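Student: One structure, as structure tokens, below. Some questions next.
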Amino acid sequence: MKKNYYTIKNCRICGSQNLFDFLDLGVTPLPNEFIRKEDLNKKEAKFPLRVTYCTNCSLVQLKDVVDPEIMFRNYLYIPSSSQTRLAHFKQIAEDTKKRFNLTSTSLVVDIGSNDGSLLNCYKNLEINVVGIDPAENLVKVAKLNGIPTILGYIDKNSVRSVNKIYGKADITLATNVIAHINNLSSLMDSVDQLLKEDGVFIMQFPYLMDLIDKNQFDTLYHEHLSYFCLKPLMYLEKKSKLEIFDIERNDLDGGSIRIFWKKKRSKKYKVEKTKLVKLLEQEELFGLYNKSTYKNFSVRISKLKKELVIYLAKLKNKKKHIVGYGAAAKGNILLNYFNIGVRILDYIVDSTPYKQGLYSPGTHIPIHEESRIYDTKPDYLLLLAWNFKDEILSKNKAFKRLGGHFIIPNPKIEII
Ligand code: JHZ
């Protein structure tokens, strides 16, 4: 059988071989490969999940690269399953419209446009949009929602199609997708081709400082090849035709960062040098450029695993009923790494219609719609989608009133 992953020897940004392996999350199924009932007895494909740190440019990255065709052709995750994310998208559209003076003649291109939720916010502001996405099922949905979308990855072909049919872009967006892309130099070349001379590239992703600080180990999974702070992006900048001119941090997904790029030859936007230098200093002070930070992180994760597993076992000894909340990819990583299966969780609830009726990868826990918790009234809900804690707690006040509790797994175990 063809091997459908390979192991890197060099850093994906700077090429250095000085890689320090600091975390091994085992050999696990892909966290978005939900299983149909009739396939439960079939052998699941599993892949190593090892994390390494480049001591040269400070990029944290996966050692093992799974063929993207396996992960992204049919994709069950949709951003529109959360009101918090949709509100954040609306805000991105309004902010960028204002800041970059977008009008009805402007073009916004979204890389990894999924079901078109983000572009829909621009469309509502009467701005022209086009998406690029490799998931056949989601491109269909986006088109049905009136969002023109090109099926494919960001590469020469998709860029040529956009340029030919829609022209050059004022704004190119990449929210939560840069981590999925293996060849980052080629991405930067493609974006350079997409943009107008004074066009802007905006990328957003969960920020490494937050990930380490808040023990978000479960966001480390096969789809996410890189975990960025600013320093490695400075290395990428040197090799690219684009440069960073601004940065903004926000609270989405447990702490994200937005990076604004422009063409090096464009003089339209001032480079916020002081801001960039300050963040690099903050990263250094926090320890993002030290091996020991990552070693300590790995020790904290082992401790967290022990504590949560013991806590859940005690609840089960007391015959308590526990249900998972949110069949997030990150949740599946936690369940597999902590070995939490059907003996602990009765089922998982999730608001995504595509996930309901399926089973969680590796652990084979059934996934139901959210209302089921009010039928079976479990004692505890293990919050797997912890990044939407506020939204989920606020819509389940009735569960609390019934005497139920939430277990929040990180940054440390919290019972609400
Ligand atoms: P959520 C995905 O990761 C995959 P996941 C991807 N690789 C990525 O980078 C991040 O997104 C950004 C459910 N839910 O968004 C919906 C409820 O059931 O954290 C989702 O299945 N009820 C592209 O999968 C899950 O939780 C609710 O009220 O880790 C959250 O998944 C809410 C708010 C959510 O992404």
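The values are calculated or read from the model by the stated rules, or taken from the named source; none is laboratory data. Every value quoted in this text rests on a predicted model; they were computed, and no experiment measured them. Every residue, glycine as well, gets a Cβ built from its backbone with ideal geometry; the counts of neighbours run over all protein chains shown. All accessible areas refer to the heavy atoms of the entire protein, side chains included, with ligands and DNA or RNA removed. Shrake-Rupley method; radii C 1.70, N 1.55, O 1.52, S 1.80 Å.
Student: Which one of SER298, LEU312, ILE333 has its Cα pushed farthest toward the positive end of the charge dipole of segment 257-414, where Lys and Arg give +1 and Asp and Glu give -1 at the Cβ?
Tutor: Going by the charge dipole, the pick is SER298.
Student: Place a +1 charge on the Cβ of each Lys and Arg in segment 69-188 and a -1 charge on the Cβ of each Asp and Glu, then give the dipole magnitude about the Cα centre in debye, rounded to the nearest 20.
Tutor: Working: 13 positive and 10 negative charges, 41 e Å.
My answer is approximately 200 debye.
Student: If you look at just the Cα atoms of segment 186-233, how large are its Rg and its Dmax in Å?
Tutor: Spelled out, the Cα radius of gyration and Dmax of segment 186-233 are 13.9, 40 Å.
Student: Tell me which cysteines of the chain come out unpaired when the rule is another cysteine's Cβ under 4.7 Å.
Tutor: Lacking a cysteine Cβ partner under 4.7 Å: CYS121, CYS229.
Student: Loop-only check: which trypsin sites (Lys or Arg not before Pro) in segment 1-60 are DSSP coil with at most 10 other Cβ within 10 angstrom? Show your work: numbers first, answer last.
Tutor: Working: sites: LYS2, LYS3, LYS9, ARG12, ARG36, LYS37, LYS42, LYS43, LYS46, ARG50; in loops: LYS2, LYS3, LYS9, ARG12, ARG36, LYS42, LYS43.
Answer by residue number: LYS2, LYS3, LYS9, ARG36, LYS42, LYS43.
Student: Taking only protein heavy atoms and a 1.4 Å probe, what accessible area per residue, in Å², does segment 57-176 have with all protein chains in place? Walk me through the intermediate numbers first.
Tutor: On the way: 4980 Å² over 120 residues.
Averaged over the residues of segment 57-176, the accessible area is 41 Å².
Student: Ignoring ligands, DNA and RNA, how do ASP251, ASP95 rank by accessible area with a 1.4 Å probe, largest first?
Tutor: On the way: ASP251 140, ASP95 65 Å².
If we order ASP251, ASP95 from most to least accessible, we get ASP251, ASP95.
Student: When the chain is treated as a GNM, springs tying every alpha-carbon pair under 10 Å, which of GLY404, GLY199, GLY131 comes out with the largest mean-square fluctuation?
Tutor: GLY404
Student: Tell me, what is the percent relative contact order of segment 43-141, built from C-alpha pairs under 8 Å that lie six or more residues apart? Walk me through the numbers on the way to the answer.
Tutor: Numbers: 115 pairs, mean separation 24.0, N = 99.
This gives 24 percent for segment 43-141.
Student: In degrees from 0 to 90, rounded to the nearest 10, what is the angle of the helix 83-99 Cα long axis to the longest principal axis of the chain?
Tutor: Value to nearest ten degrees: 10.
Student: In addition: What does the highest-first list of 332-339, 170-177, 209-216 look like by mean Cβ count within 10 Å? Intermediate values should be presented prior to the final figure.
Tutor: Values: 332-339: 22.5, 170-177: 24.8, 209-216: 19.4.
For the peptides 332-339, 170-177, 209-216, the packing ranking is 170-177, 332-339, 209-216.
Student: When only Cα pairs under 8 Å and 6 or more residues apart are kept, what is the percent relative contact order across segment 225-287? Intermediate results must be reported in sequence, preceding the final value.
Tutor: Working: 54 pairs, mean separation 19.4, N = 63.
Worked out over segment 225-287, it gives 31 percent.
Student: Enter the angle in degrees (range 0 to 90, nearest 10) between the Cα long axis of helix 184-194 and the first principal axis of the Cα atoms of the chain, meaning the one along which they spread out most.
Tutor: The angle comes out at about 50 degrees.
Student: Considering only DSSP states other than H, G, I, E and B, which trypsin sites (Lys or Arg not before Pro) in segment 279-329 qualify as loop sites with at most 16 other Cβ atoms within 10 Å?
Tutor: Numbers: sites: LYS291, LYS295, ARG300, LYS303, LYS305, LYS306, LYS314, LYS316, LYS318, LYS319, LYS320; in loops: LYS318, LYS319, LYS320.
Here the sparse-neighbourhood loop sites are LYS318, LYS319, LYS320.
Student: While we're here: Hey, what did the chain get for relative contact order, percent, Cα under 8 Å, at least 6 apart? Before the final figure, lay out each step's value.
Tutor: On the way: 799 pairs, mean separation 63.7, N = 416.
The normalised contact order for the chain reaches 15 percent.
Student: Taking one equal scatterer on every alpha-carbon of segment 21-81, how large is log10 of I(q)/I(0) by Debye at q = 0.19, 0.23 1/Å?
Tutor: Each listed q maps to, in turn, -0.88, -1.05.
Student: Of all the accessible heavy-atom surface of the chain, with the other protein chains kept in place and a 1.4 Å probe, what percent is carbon and sulfur? The partial results should precede the final answer.
Tutor: Values: 9380 of 18470 Å².
Ligands and nucleic acids excluded, carbon and sulfur give 51 percent.
Student: Hey, which of these cross-link pairs are over 20 Å Cα-Cα: LYS3/LYS156; LYS97/LYS168; LYS42/LYS305; LYS295/LYS389; LYS320/LYS377? Working shown, then result.
Tutor: Working: LYS3/LYS156 26 Å; LYS97/LYS168 17 Å; LYS42/LYS305 28 Å; LYS295/LYS389 28 Å; LYS320/LYS377 11 Å.
Where the Cα-Cα span goes over 20 Å, the pairs concerned are LYS3/LYS156; LYS42/LYS305; LYS295/LYS389.
Student: Against the longest principal axis of the chain, how steep is helix 230-239, in degrees 0 to 90 to the nearest 10, with axes from Cα atoms?
Tutor: The helix 230-239 is inclined about 40 degrees to the chain.
Student: Separate question: Over 28 Å between C-alpha atoms is what I'm after, so list which of LYS268/LYS330; LYS63/LYS239; LYS214/LYS267; LYS214/LYS306 land there.
Tutor: Over 28 Å apart, Cα to Cα: LYS268/LYS330; LYS214/LYS267.
Student: For segment 234-382, count all C-alpha to C-alpha pairs, find those more than 19 Å apart, and express that count as a whole percent of the total. Display every interim value, and only then the final one.
Tutor: Working: 7496 of 11026 pairs.
For segment 234-382, the fraction of Cα-Cα distances above 19 Å is 68 percent.
Student: Projected area of the chain, taken from the Cα convex hull and averaged over every viewing direction, in nm²? Don't skip to the end; give the middle numbers.
Tutor: On the way: hull surface 80.8 nm².
For the Cα atoms of the chain, the hull's average projected area reads 20.2 nm².
Student: Treating the beta-carbon of each Lys and Arg as +1 and of each Asp and Glu as -1, no other charges, what is the dipole magnitude of segment 203-321 about its Cα centre, to the nearest 20 debye? Walk me through the numbers before you get to the answer.
Tutor: Values: 28 positive and 15 negative charges, 36 e Å.
Here the size comes out at about 180 debye.
Student: When DSSP assigns beta bridges and you keep just the ones with both residues in the chain, what percent turn out antiparallel, to the nearest 5? Display every interim value, and only then the final one.
Tutor: Details: 35 of 64 bridges.
Counting only bridges with both partners in the chain, antiparallel ones make up about 55 percent.
Student: Of LEU151, LEU276, LEU40, which has the largest mean-square fluctuation in a 10 Å C-alpha GNM of the chain?
Tutor: Looking only at LEU151, LEU276, LEU40, the biggest GNM fluctuation is shown by LEU40.
Student: Same structure, new question: To the nearest 20 Debye, how big is the dipole of the chain about its Cα centre, given +1 on the beta carbon of each Lys and Arg and -1 on that of each Asp and Glu? Mind dumping the intermediate values first?
Tutor: Working: 64 positive and 46 negative charges, 100 e Å.
That gives the chain a dipole magnitude of about 480 debye.
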